[in-house]
Amino acid sequence: MDKVSAIIRIGKETFAAGLFWQAAPTAGLAVREARIVAGKAELAADLFCVRKRGVPQFGLGQRKAGHRAGMRAIAPVLASAVADASWIGVFRTDQGWLYVMVRKGAVMPDGDVLFRSEQEARQKLRSELSIGDWDAVFAPLHWRMEEARTDDIVDLISSYSDARLRAVNRTPLPFILAFCGAAAVCWGGWMAVFPSPPAAPTVSSVPVAPPPPWLGQPTVSSLILACERAIEETRTLPGFEIEMATCGSGGATARYRREKGSVAWLPKNSVVISPDRVSVSTPLTIPLLRRSGEERPMTIDALRRHLWGAAQAYLLDSELGEQGGPAAGLLPGRSLAADDNSGFRPIPLSMGGRLPLSALSVLLAKIPAFVADEVSWQSSGWRVRGKAYVR
């Protein structure tokens, strides 16, 4: 699919399109997480914006795509303007065809794209429509799509000053280098005139808490997105039928059952488990984003309400294990209190069903300190397993 990040002009204002979007616990934490994620070399992001209206999110942009500080991002503007929680649409602009996908009020990571051609945009829209579960669909009038809204993008633009791009680096590098050089010269001169006496060794009386166990783990959204892509690209094997596929941070594995084929036909990277069972493993093709660790875990009661409430509302199958094991991140000499954020206990958690994986991602991303370990698919639908740390 030929996609480009770019800018579009609507009326007298220029908007940024084609940003990479991620959810955040709060708008305040989104600023810090955006700077951390933007530091990933593979993203090459030098601009970011934070969405404060609606679902807290941050988007990453690039100056080489025409993005500039001060521009509003078009996707969150539309997401806040449309009353429906889950919608998808294509809008004609001066620079191409804008494709936007929103689930439960959040712009999806791959839901902000500017296509060069109308054919590509229509193909992408029809592909996502096959998944279903959309509250509203937007499409150009001449596409003649049944029950699709044909609102002009101009009519959906509000004047709210939200999600404006700003630079990732707060201080220019030359200034930092000059300041450090001047400070080093001054410090050297001071030490030459007033040498310091040997410092007495100090012993800290306050124990330092270990880092939270989810620090550095893949974010729920990025792991699910990478696994969805890997599983959807699972190859077919002649004479074998796929039974299930599982995926984690190490890659995806598909298991097949023999129908009328022969193990002699199998590719070299396949593993023969039995005469009638075989598996094939593939690496992830999308880079995983890492968590910053600044998340406040839920209480066990809040987690139960969120998980079981979502399962009942969307007809999902959910499992929640027992709270067990020693508290992680607990300071020596302290016990775990209900309102304490220094100690956490892991609880096994899984959720699955026939809901699209992107919708499962939104539901699970709202659980702070949840570490997804496995994404799986079989005929009954998608399932995500992991552990949630609770207070």
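The values are calculated or read from the model by the stated rules, or taken from the named source; none is laboratory data. Just so you know, these numbers come straight off a predicted model, no measurement behind them. As a convention, Cβ positions derive from the backbone with ideal geometry for all residues, glycine included, and neighbour counts pool all protein chains shown. In case anyone asks, the SASA skips ligands and DNA or RNA and just uses the protein heavy atoms, side chains included. Shrake-Rupley method; radii C 1.70, N 1.55, O 1.52, S 1.80 Å.
Stretched out fully, how many nm does the piece from ARG354 to ALA264 gain, at 0.36 nm a residue minus the Cα gap? Let's see the in-between values first.
On the way: separation 90, 0.36 × 90 = 32.40 nm, distance 3.51 nm.
That pair, ARG354 and ALA264, stretches by 28.9 nm at full extension.
If you take the Cα atoms of segment 7-167, find Rg, then find the Kirkwood Rh from the mean of 1/r over all pairs, what is Rg/Rh?
Working: Rg = 14.9 Å, Rh = 15.8 Å.
Rounded to two decimals, Rg over Rh is 0.95.
How much of TRP308 can a 1.4 Å solvent probe reach, expressed as accessible area in Å² and rounded to 10?
TRP308 has an accessible surface of roughly 110 Å² with all protein chains in place.
On a straight-distance basis, which lysines could pair with LYS387 in a cross-link, Cα separation under 17 angstrom, same-chain partners fewer than 8 positions away excluded?
Cross-link targets: LYS366.
Across segment 7-167, how many lysine pairs separated by 8 or more positions, or lying on different chains, have Cα atoms within less than 24 Å? Don't skip to the end; give the middle numbers.
Numbers: LYS12/LYS52; LYS12/LYS64; LYS40/LYS52; LYS40/LYS64; LYS52/LYS104; LYS104/LYS124.
Lysine pairs satisfying the spacing and distance rule in segment 7-167 number 6.
Find the all-direction average of the projected area of the Cα convex hull for segment 94-153, expressing the result in square nanometres with one decimal place.
Values: hull surface 17.5 nm².
Approximately 4.4 nm², given one-decimal rounding.
So, in Å, what gap is there between the alpha-carbon centers of segment 40-112 and segment 124-164?
14
DSSP loop GluC sites (Glu not before Pro) in segment 9-91 with at most 13 other Cβ atoms within 10 Å of their Cβ, which ones?
Values: sites: GLU13, GLU33, GLU42; in loops: GLU42.
In loop regions of segment 9-91 (DSSP not H, G, I, E or B), the sparsely surrounded GluC sites (Glu not before Pro) are GLU42.
What are the residues whose amide H is under 5 Å from the amide H of VAL278, where those residues sit 5 or more places off or on another chain and H is modelled from the backbone?
Hits under the 5 Å cutoff: TYR256, ILE273.
Ignoring ligands, DNA and RNA, what percent of the accessible area of segment 7-167 is carbon or sulfur (1.4 Å)?
Values: 3320 of 7150 Å².
The nonpolar share, carbon plus sulfur, comes to 46 percent.
Spelling out what I want: for every residue of segment 47-60, take phi, set θ = phi - 60°, compute 6.51 cos²θ - 1.76 cosθ + 1.60 (Karplus), and round to whole Hz; glycine and proline get x.
9, 8, 9, 10, 8, 9, 8, x, 5, x, 8, 10, x, 10
Going by average Cβ density within 10 Å per residue, which order do the peptides 211-217, 282-288 take, highest to lowest? Intermediate results must be reported in sequence, preceding the final value.
Values: 211-217: 17.3, 282-288: 14.4.
Going from most to least packed, we get 211-217, 282-288.
Show VAL362, VAL31 ordered by accessible area, largest first, where the area counts protein heavy atoms only and the probe is 1.4 Å.
Numbers: VAL362 15, VAL31 40 Å².
So, going from the largest accessible area down, we get VAL31, VAL362.
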